[in-house]
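The values are calculated or read from the model by the stated rules, or taken from the named source; none is laboratory data. What you see is a predicted model; the values in this text were computed from it and never measured. Cβ placement follows ideal geometry from the backbone for every residue including glycine, while neighbour counts extend to all protein chains displayed. The area values use the complete protein model at the heavy-atom level, side chains included, leaving out ligands, DNA and RNA. Shrake-Rupley method; radii C 1.70, N 1.55, O 1.52, S 1.80 Å.
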Amino acid sequence: MIQTLHDIQTSTGAVFDDSGAVPLSFNNDAEAIAATQTGAALCDRSHWGLLKLSGEDRLTFLHNQSTNQISAREPGQGCDTVFVTSTARTIDLATAYMTEDAVLLLVSPNRREYLLEWLDRYIFPMDRVKLQDLGDEFAPFSVIGPQSTQMLEKLGVAVRANLPPGHHWVTELGGAAVRIAAGSGLATAGYTLIVPAEAAAPLWNSLTEAGAIPMGDRVWERLRIEQGRPVPDRELTEDYNPLEAGLWETISFEKGCYIGQETIARLNTYKGVKQRLWGIRLREAAEPGTAIVLEGKKVGKLTSVIETEAGPFGLAYVRTKAGGPGLTVEVGTTAGEIVEVPFLSHPQES
């Protein structure tokens with residue numbers, strides 16, 4: 001059924017990656033970027049992972065496995081949370097949606113299988129928890145841009161205003177029960193739709209006919225770098241913890257024990273965040289992995305980079321003591337200026 005969606009996308013100019021599962025571009029990248037700024041863009045995220053935790057202990061289980069406050073959440077609520085190792089190294093940034101009888105987890109494409117195995121490892125025989133992969137049953141979409149609400153209203157959706165990110169409801173859309181959540185997955189306003197696979201193609205058609213501009217993964221990658229959303233194997237690796245990654249909003253410092261909690265609490269208490277993730281505006285292009293240098297000393301590393309109309313832009317970890325926004329550094333054979341990005345937060349140290 002997802003193939004039907006891809007067939008429709010191909011017929012309207014989509015170019016897919018080598019796997020055939022990810023629409024990279026609709027040959028309209030400039031138009032799609034403009035839509036995220038002044039209209040509404042539509043991004044197919046069906047290649048992302050969607051996991052389901054059910055059973056009476058589901059909230060307690062997830063609460064103990066990730067960084068955010070989960071156990072007190074009610075159906076219809078949601079939040080971002082981070083999975084970390086026992087030493088607080090980052091595995092993935094996920095979004096959890098609490099329903100009446102389950103928790104749905106939207107996880108990064110390259111962490112779907114990893115997290116299935118990782119979470120299953122911590123489910124013991126006495127736990128009343130069931131873990132399922134829903135990746136073939138649903139297709140997540142993101143509607144991104146300032147006109148996203150109006151776009152959904154064109155399709156007859158009674159949009160619930162002023163919901164916190166991650167909060168959601170179910171509505172009938174095109175004859176299917178679609179879960180609509182506040183938040184686009186980026187810093188830009190919008191919604192995430194969890195669509196039954198059989199309804200994905202018709203709903204994609206309805207949204208584009210209503211004026212939503214199709215947006216490929218290439219534009220998503222540009223936006224996530226410009227806005228600072230970290231991803232596994234780039235900014236989220238064994239080398240970094242979620243405080244360094246600027247994911248403070250996903251961490252509860254009041255909740256009880258969870259995997260990695262002792263390390264995170266210690267880093268927070270003793271101001272132990274030694275490096276921070278920032279945006280970096282480059283004069284010339286540089287490769288991810290290039291060292292960030294200040295006064296002849298390595299102070300960080302470039303993790304991602306993208307070309308924009310204003311020149312190359314990237315994300316980089318920089319030693320806290322070296323400085324932050326406004327700092328000029330060397331990046332290989334070029335220079336860069338450290339800047340803030342809207343997806344991340346770094347509290348000021350007193």
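Dimensions of segment 53-170 based on its C-alpha atoms, expressed as ranges along the principal axes with the largest first, amount to 47, 28, 27 Å. Fully extending the segment from Val15 to Asn162, taken as 0.36 nm per residue of separation minus the present Cα-Cα distance, adds 49.4 nm. Taking every DSSP bridge with both residues inside the chain, close to 95 percent are antiparallel. Quick one, can you get me the convex hull of the C-alpha atoms of segment 160-307 expressed as volume per residue in Å³? Enclosed volume per residue, from the Cα hull, is 179 Å³. A Förster distance of 41 Å, applied to the separation of the beta-carbon atoms of Glu287 and Asp101, puts the FRET efficiency at 0.30. A protection proxy built from the mean count of other Cβ atoms within 10 Å ranks the segments 297-305, 238-246, most packed first, as 238-246, 297-305. With the biggest extent put first, the Cα atoms of the chain measure 62, 53, 37 Å across the principal axes.
Using C-alpha pairs below 8 Å separated by at least 6 residues, the relative contact order for segment 46-105 is 36 percent.
Sequentially through segment 99-111, phi angles give Karplus couplings (6.51, -1.76, 1.60; θ = phi - 60°) of 10, 5, 9, 7, 10, 9, 10, 8, 10, 4, x, 8, 10 Hz, Gly and Pro residues having no value and appearing as x. For Lys52, a cut-off of 16 angstrom between C-alpha atoms picks up these lysines, skipping any fewer than 8 places away in its own chain: Lys130.
Calculated accessible area for the chain comes out at 44 Å² per residue, all protein chains present (probe 1.4 Å; ligands, DNA, RNA ignored).
Atom-type composition of the exposed protein surface of segment 256-298 places 47 percent of the accessible area on carbon and sulfur (1.4 angstrom probe).
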